[in-house]
1. Being closer than 30 Å to Ala7 by Cβ and either surrounded by 13 or more Cβ atoms within 10 Å (Cβ to Cβ) or among the charged types (D, E, K, R) (or both) is true for just one of Phe67, Phe96. Which residue is that?
2. Kindly list the number of the only condition in (1) closer than 30 Å to Val13 by Cα; (2) open to solvent by less than 30 Å² (accessible area, probe 1.4 Å) that fails for Gly51.
3. Of the residues that sit in the range 99-124 and are part of a helix (DSSP H, G or I) and open to solvent by 70 Å² or more (accessible area, probe 1.4 Å), which one is nearest to Pro47 (Cα to Cα)?
4. Can you find a residue in the range 13-24 that is among the acidic types (Asp, Glu), open to solvent by 70 Å² or more (accessible area, probe 1.4 Å) and under 26 Å from Asp82 (Cβ atoms)?
5. I need the full set of residues from the range 27-39 which are open to solvent by 50 Å² or more (accessible area, probe 1.4 Å) and of a type outside the set (S, T, N, Q), in order please.
6. Considering Glu58, Glu74, which residue is under 30 Å from Phe125 (Cβ atoms), out of contact with any Pro (no Cβ under 7 Å at 6 or more places or on another chain), of a type in the set (Asp, Glu) and open to solvent by 50 Å² or more (accessible area, probe 1.4 Å)?
Amino acid sequence: MIKRLPAEGLDGVKLMLWHALGEIYRSRLKEFGAAIQAFEVAAKLDPDNLGRHEILAELYSMSGPDFAGKAIEENMLLISRDPFRVDSYKALRKIFMETRKYDRAWSVCSALAFLQRADADEMQFYE
């Protein structure tokens with residue numbers, strides 16, 4: 001259906017189709033690489049949709065170290081829109097620990113401690 005759409009116009013339909021395709025790849029087929037591609041196109045068509053950015057952040061985090069940079073970008077975008085978004089801080093801490101960026105992990109743990117949402121491991125690392 002996407003290929004049959006005209007190059008110009010029908011942006012709402014294109015957005016809906018790309019998002020639905022991403023959901024099929026993510027939820028039903030478990031093909032996360034293809035899901036990332038579909039959601040990236042949908043995010044370009046509607047960059048203000050936070051739900052889609054949450055999905056992308058999750059997919060990037062699940063896809064390993066090759067996507068760490070993109071996962072960081074998406075989580076930082078989500079935090080810039082909602083500074084109290086604890087899930088993004090926790091995702092960033094995990095990414096920074098896995099990529100051995102300990103100073104950045106400490107900074108994230110510091111923010112979690114300030115928000116009083118750090119767990120025991122995060123508090124210990126911060127202290």
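1. Numbers: Phe96 fails: closer than 30 Å to Ala7 by Cβ.
Only one candidate passes the filter, namely Phe67.
2. The single condition Gly51 does not satisfy is (2).
3. In this case the residue turns out to be Arg104.
4. no
5. If the condition is that a residue be open to solvent by 50 Å² or more (accessible area, probe 1.4 Å) and of a type outside the set (S, T, N, Q), then Arg28, Leu29, Lys30, Glu31, Phe32 are the ones that fit.
6. The unique qualifying residue is Glu58.
The values are calculated or read from the model by the stated rules, or taken from the named source; none is laboratory data. Predicted model only: the values in this text are computed from it and were never measured. For neighbour counting, all protein chains shown are included, and Cβ atoms are generated from backbone atoms with ideal geometry for every residue, glycine included. Heavy atoms of the whole protein, side chains included, go into the accessibility calculation; ligands, DNA and RNA do not. Shrake-Rupley method; radii C 1.70, N 1.55, O 1.52, S 1.80 Å.
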